[in-house]
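Take a look at the structure set out below.
A short reminder: the numbers here are calculations on the coordinates, not readings from a lab. Quantities reported herein were computed from a predicted structural model and do not represent experimental measurements. Here the Cβ positions follow ideal geometry from the backbone for every residue, glycine too, while neighbour counts run over all protein chains shown.
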Amino acid sequence: MPRAILIVIDSAGCGGAPDAAAFGDEGSNTFGHIIQACAAGRAEQNRSGPLQVPNMGAIGLGAAIRAADPSFDLPGFDEVPTGIHGAATEVSIGKDTPSGHWELAGLPVPWNWHYFPDGDPSIPAEVTGPIIARGNIPGTLCNRHSSGMPVLHAYGEEHIATGKPIFYTSVDSVLQIAAHEEKFGLDRLYALCETAAEIVHPMRVGRVIARPFLGETSETFTRTPNRRDFAITPPDNTLLDRVVAAGGRTFAIGKISDIFAHKGVTDASKGKSDMDNFDRTLQALDEARSGDFIFTNLVDSDTLYGHQRDVSGYAANLELIDGRIPGLMAKLRDGDLVFITADHGNDPTWRGTDHTRERVPVLGFGPGIQPRAIGTVGFADVGETLAAHLGLTAGRHGRSFL
């Protein structure tokens, strides 16, 4: 029996979502715009020149982006694909992490998420009040739409002085709580987020995210790697549960275990960076047996570069990830199948600082895998293809494209 590996480069979309206009994202293309910026010399900080991702390029990255958006101008990505290549379209109504990952694992989100409006405040007193009371905190700061570093610059010093945590949200279904890792306390922050999750999950807010940081002043604040997501439990079985039910192990690497609320996870491992999580993926390949499933999220592209609208940083991170693919290939056994994909977009050339509604590339390879153009498929088809590869009974959503 073979093994299956699914690697999600968080937010590395490829444009062309048919409903992008409904989200205000028509024309966004994370991978495509990074390729264009690099080719034009507009991504020269800590790297230089055209985007260097020869391994993904050889598998079929250029063809995958063109499958998503056939008219997109894509300089330098004309290789004849050596692997499976195409683009996937999401049906869940959202452009957030849980929606993308659940659907990739065969479970489209069966409800509409609750979103906090872009107002002042965005997070109303009927939400913050019970959290303040149950969390035994003196109050909250911000309570508006923001992204990670700006909110620390604006409120971090006041947080240290008052002990009030920083609450913020975005166009995603999320409540994020930032607090100083040492002065407020990491365990205390986790406990507060767990309390908040109990309050907002019944509202269909998808995640509460703990955002610890360090530093003494606005100029020195930095977020630490000890982020933790408190996500709603998937309401039905996913590919993870199906693998376990068939007697396999599931290796959840990065924030995968948090995204699935630990449901269907037998082995969880979270590193401090994408490179650390890639190391853990290779270690899992050393341990995984026939019938096992490795599911990895590489989040730095989204958290550190997409939301910060850092084109050079995003490009450099993609180049680092691409450089690890030969080491992954060297550990594969006959019968193994790998898919590299994404969960949504976060175009660093786009307006604002939020995720973008896009299709995502699907790049597949493994020993003996022949080149194949799959065109445009569904997110759930990715999970269903891996399920079929593992010999599992067909699920209720999606279909195998192999």
Of Asp381, Asp236, Asp336, the one that fluctuates the most in a GNM where the chain has Cα springs shorter than 10 Å
Asp236
What does the C-alpha gyration tensor say about the overall shape of the stretch 269-344? Classify as rounded when a/c is under 1.5, otherwise prolate if a/b is larger than b/c, or oblate.
prolate
Could you grab the relative contact order for the stretch 317-367? Cα pairs under 8 Å, six or more apart, rounded to a whole percent.
42
Can you list the DSSP H helices in the chain whose Cα atoms extend at least 24 Å along the helix axis and whose mean Kyte-Doolittle hydropathy is -0.5 or higher?
311-330
Please list, ordered by chain and number, the residues whose modelled amide H lies under 5 Å from the amide H of Gly16; skip anything fewer than 5 residues away on the same chain.
Gly27, Arg359
Computed FRET efficiency, Cβ-Cβ of Ala21 and Asp73, R0 22 Å: what is it to the nearest 0.05?
0.60
Can you list residues from other chains, or at least 5 along the same chain, whose modelled amide H is less than 5 Å from the amide H of Ala88?
Val360, Val362, Val377
Show me, for the stretch 108-123, the HN-Hα J-couplings you get by feeding each phi into the Karplus relation (A = 6.51, B = -1.76, C = 1.60, θ = phi - 60°), rounded to Hz, glycine and proline as x.
x, 5, x, 9, 8, 5, 8, 10, 7, x, 7, x, 9, x, 7, 9
Within the stretch 347-388, what residues put their amide N at less than 13 Å from the label point 7 Å along the Cα-to-Cβ vector of Asp334?
367-369
From the helices alone, meaning DSSP H stretches of at least four residues, give me the mean residue ellipticity at 222 nm for the chain, per-run term -39500 (n - 2.57), in deg cm²/dmol to the nearest 500.
-9500 deg cm²/dmol
Filter Lys164/Lys270; Lys270/Lys331; Lys95/Lys183; Lys95/Lys164; Lys183/Lys263 down to the pairs with a C-alpha to C-alpha distance above 25 Å, please.
Lys164/Lys270; Lys95/Lys183; Lys95/Lys164; Lys183/Lys263
For the pair Ala161 and Ala246, how long in nm is the line joining their label points, each one 7 Å along Cα→Cβ?
5.9
Can you tell me the Rg and the Dmax, both Å, for the Cα atoms in the stretch 125-228?
12.4, 38
Tell me, Kirkwood radius of the stretch 170-219 from alpha-carbon pair distances, in Å?
11.6
Taking every eigenvalue of the Cα gyration tensor of the chain, multiplying by 5 and rooting it, what semi-axes result, largest first, whole Å?
34, 24, 19
If you take every residue apart from Ser400 with its C-beta less than 13 Å away from the C-beta of Ser400, what net charge results, scoring Lys and Arg +1 and Asp and Glu -1?
0
Neighbour cut-off at most 12 other Cβ (10 Å), DSSP loop, chymotrypsin sites (Phe, Trp or Tyr not before Pro), the stretch 73-139
Trp111
Between Met275 and Asn112, Cβ-based FRET efficiency (R0 41 Å, step 0.05) works out to 0.65
Two-decimal Rg/Rh of the stretch 193-311 from alpha-carbon positions, Kirkwood Rh?
1.02
How long is the gain from Asp267 to Ala394 if the chain were fully straight, where each residue apart is worth 0.36 nm and the alpha carbon distance is subtracted?
43.3 nm
For Phe221, net neighbour charge (Lys/Arg +1, Asp/Glu -1) across residues whose Cβ lies under 14 Å away:
-3
Taking N as the number of residues in the stretch 43-90, what value does Rg over Cα atoms divided by 2.2 N^0.38 Å take?
1.24
Let me check I've understood the local charge: for Glu319, count other residues with C-beta under 13 angstrom from its C-beta, Lys and Arg +1, Asp and Glu -1. What total comes out?
-1
